[in-house]
Structures are given as structure tokens and as C-alpha cells.
Amino acid sequence: MKIIMLGAPGAGKGTQAKKIAAKYEIPHISTGDIFRANIKNGTELGKKAKTYMDQGLLVPDELVVDLVVDRVNQEDCANGYVLDGFPRTIPQAEALDKALEELGQKMDYAIDVDVPDENIINRMSGRRACVDCGATYHIVYASTKQEGICDNCGGSLILRDDDKPETVQKRLVVYHEQTQPLIDYYMAKGILKTVDGTVDLEDVFKAIVDILGE
Ligand code: ADP
Ligand code: ADP
Ligand code: ZN
């Protein structure tokens, strides 16, 4: 099963993608996580990506597409995968379709986690990420057992630089301009499914399982 997660920054794509990956035993591929790992490791790609990410802008398509196409061609993706944060532009979607077509494959679902802008700033200012394993939490809606400490690995939790309100505003503008058109793109392909992302995260997941099947 091959799935794309769509939605504004902070809509809950990552949260739901992790749950999908666990239930259906497929890899979770997050381009944001890949870039953050590259930044942490000081790679050339990380250095390039950081200049865009810090401004709330998208990393140029040419730095993203090959990376994802290589990743989905790896062996562990044979039974499918869930893409989180990719594609984010029409050219990225077209490049992915072309790569899949060459393999005689196609995307099964594009799931749009729908959350209005008003809710996003609140979501993002409360989001906390583990510096060691990348797990994400929310200070109110998905809190850890011990404040500031990752349940998963014991690492410390931080507010991502790009989750500060000024940068979130910019990312929302970028989302509406460059990413939202993908909703129509996948609707036209007949694989778009929309779920209400404003409800409790377990209820969002139930709606997704209704779509994907038990
Ligand atoms: P969010 O939580 O907003 O969905 P991500 O972790 O997916 O954020 O992405 C963080 C940043 O990484 C984005 O603001 C963007 O700069 C960059 N990025 C991630 N995926 C892509 C992509 N597919 N194309 C371009 N830039 C990307
Ligand atoms: P995205 O990957 O779309 O940027 P995340 O999955 O990181 O979004 O979620 C953004 C923040 O909102 C995180 O702090 C997360 O714990 C929280 N969150 C996710 N889903 C919900 C939900 N349904 N209700 C409330 N908070 C949520
Ligand atoms: Zn951790």
C-alpha cells in the first residue's frame, strides 16, 4: 500500500504517518526528518536545506526528488510506504508519478489531513521534538510522562526553530501557494481522501483506518 500524506504544516501528518506505518508494517518516509538528520550530521545536503528551512521556505525540488525516488526503490518499500511531507509541489508530484510509472506502479491513496489555519499556530507552538530520535509530542495534546523528556529514548525535547510563530506564518503562506494545489491534483487522479484533522488524534486515525481497511 502506497500512501501520501497531505496537509498544512502541523496538521498531524507525521503523527498519523507513524501510526499507519506501525499498523500496516510499511516504512514511514519523512523528507523533513531526512533533512533534519542531514543538518544534524553536517552533510552538504543538510547545509543547503537549512538555509531554506530556517526561512520557512521549501527546499528546491531538485534537492528532494532524487532522494525520495531512491528511497522508495529500496527493498523495504516493496510492500509500500507512507510518504510524509513529500510531494509538496506539483513538479515533485509529477516527478514521483513518472518514477512510479517507469516501475509499472501507482500511488494508492493521498490522504489530506484537513486543519484550518486558525488551529495551526496553536498546534505548532506546543509541538516538541526529541533531539535524539525525532519523536514528536505536544505539550497539551500528546504530552510525555515526564515534562521535557522523550518517552521513547529519554532525549531532551525542543521547540523546532521553524515552529516559532513568525516562521509558521510564512510556512502557511508557502503551503497555500505551493502545496495545497496537490489536493486538486490527486482529486483529479481519483485517489484523494480527506479526513477531519481537528478531532482527537486517535479519532483521526480511526477515520484513516476506515479508508485503508483493517
Ligand atoms: P511540517 O511539520 O511543516 O510538515 P516537515 O518536517 O515536513 O514540516 O518539513 C520541514 C521543512 O523541511 C519544510 O518547511 C521545508 O523547508 C523542508 N521540506 C520538507 N519536505 C520538503 C519537500 N518535499 N520539498 C521541499 N521542502 C521540504
Ligand atoms: P505535521 O507532521 O503535519 O507537521 P505533527 O504530526 O508533527 O504535524 O503534529 C503537529 C503537532 O500537533 C504535534 O505537536 C502533535 O503532537 C500535535 N497533534 C497531532 N495531531 C493532533 C490532533 N489530532 N489533535 C491535537 N494535536 C495534534
Ligand atoms: Zn527521543
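The values are calculated or read from the model by the stated rules, or taken from the named source; none is laboratory data. These figures come from a predicted structure and were not determined experimentally. Positions of Cβ are generated from backbone atoms using ideal geometry, with glycine treated the same way; all protein chains shown enter the neighbour counts. Protein only, heavy atoms only, side chains kept; ligands, DNA and RNA dropped before computing areas. Shrake-Rupley method; radii C 1.70, N 1.55, O 1.52, S 1.80 Å.
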Next item on the list: Taking only region 125-157 into account, find how many residues are within 17 Å of residue 201 (Cα to Cα) and charged (D, E, K, R).
Entry: 2
Next item on the list: Determine which single condition residue 133 fails, assuming it passes every other condition in (1) in contact (Cβ under 8 Å) with a residue 60 or more places away in the chain; (2) within 19 Å of the chain's Cα centre (by Cα); (3) more than 14 Å from ligand 1 (Cβ to nearest atom).
Entry: (1)
Check: Give me the pairs: first residue in region 153-177 and among the acidic types (Asp, Glu), second residue away from ligand 2 (no atom under 15 Å from the Cβ) and open to solvent by 20 Å² or more (accessible area, probe 1.4 Å), beta-carbon distance under 7 Å, and six or more apart or on different chains, which are they?
Finding: 161/54; 162/54
Next item on the list: Search region 144-155 for residues being on the phi < 0 side of the Ramachandran plot and more than 8 Å from ligand 3 (Cβ to nearest atom), and hand back the single one that is nearest to the chain's Cα centre (by Cα).
Entry: 144
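Okay, residues lined up against (1) hydrophobic (A, V, I, L, M, F, W, C); (2) under 20 Å from residue 197 (Cα atoms); (3) within 16 Å of ligand 3 (Cβ to nearest atom):
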residue: 92; (1), (2), (3): no, no, no
residue: 96; (1), (2), (3): yes, no, no
residue: 100; (1), (2), (3): yes, no, no
residue: 105; (1), (2), (3): no, no, no
residue: 125; (1), (2), (3): no, yes, no
residue: 131; (1), (2), (3): yes, no, yes
residue: 139; (1), (2), (3): yes, yes, yes
residue: 142; (1), (2), (3): yes, yes, yes
Notebook entry, point to check: Exactly one of (1) out of contact with any Gly (no Cβ under 9 Å at 6 or more places or on another chain); (2) over 23 Å from residue 183 (Cβ atoms) is unmet by residue 59. Its number?
Noted result: (2)
Next item on the list: Select the strands (runs of 3 or more DSSP E) contained entirely in region 120-214, then report the ones holding at least 2 residues which are open to solvent by less than 30 Å² (accessible area, probe 1.4 Å).
Entry: 127-130
Check: Restricting attention to region 42-56, which residues are open to solvent by 80 Å² or more (accessible area, probe 1.4 Å), among the acidic types (Asp, Glu) and in contact (Cβ under 8 Å) with a residue 24 or more places away in the chain?
Finding: none
